[in-house]
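Undergrad: My questions all concern the structure below.
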Amino acid sequence: MALTKTANINVRIQGHIKQQAEQILETMGISRATAIDMFYRQIILNNGIPFSLKIPKELSIRENMDEKFFNSLMANGYAQAIQGDSYDIEDVFEELDKGI
């Protein structure tokens, strides 16, 4: 007896994140729905998020990056700027001053 999927999930994420992830999933032959189902199952099996959530002890600095990694960071930043996925610097500092 096959179980019927009856629950829906609606989320809003940044467009470029969705696009990049779905390109990878397509290459792997996995649908978005299957990937989300797999993620939820891993949450259940691990009784929590199935990967580490922590801030690295050291942030990468240019001197320690190879050219490919650096260019990838710059390309991602440029794509975000083109898509308007950025914040006005004045607004950022205003929020930092407020302690947000």
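Read-outs: derived from the displayed coordinates by stated rules, not from any lab. Quantities reported herein were computed from a predicted structural model and do not represent experimental measurements. Every residue, glycine among them, receives a Cβ derived from its backbone with ideal geometry; neighbour counts consider all protein chains shown.
Undergrad: What residue among Thr34, Ala79, Ile24 has its Cα farthest toward the positive end of the dipole of the chain, where the charges are +1 on Lys, Arg and -1 on Asp, Glu, each on the Cβ?
TA: It is Thr34, whose Cα lies furthest towards the positive end.
Undergrad: Among rounded, prolate and oblate, which fits region 15-61 when a ≥ b ≥ c are the square roots of the eigenvalues of its C-alpha gyration tensor, a/c under 1.5 means rounded, and a/b larger than b/c means prolate?
TA: oblate
Undergrad: OK, next. By the gyration tensor of its Cα atoms, with a ≥ b ≥ c the square roots of the eigenvalues, what is the shape of region 56-100: rounded for a/c under 1.5, prolate for a/b over b/c, or oblate?
TA: It comes out oblate by the Cα gyration axes.
Undergrad: Compute, for the chain, the length of the dipole vector about the Cα centre, with Cβ point charges of +1 (Lys, Arg) and -1 (Asp, Glu) only. Units Debye, rounded to 20.
TA: Its charge dipole is roughly 740 debye.
Undergrad: What value in Å³ per residue do you get for the convex hull of the alpha-carbon atoms in the chain?
TA: Spread over its residues, the Cα hull of the chain gives 206 Å³ apiece.
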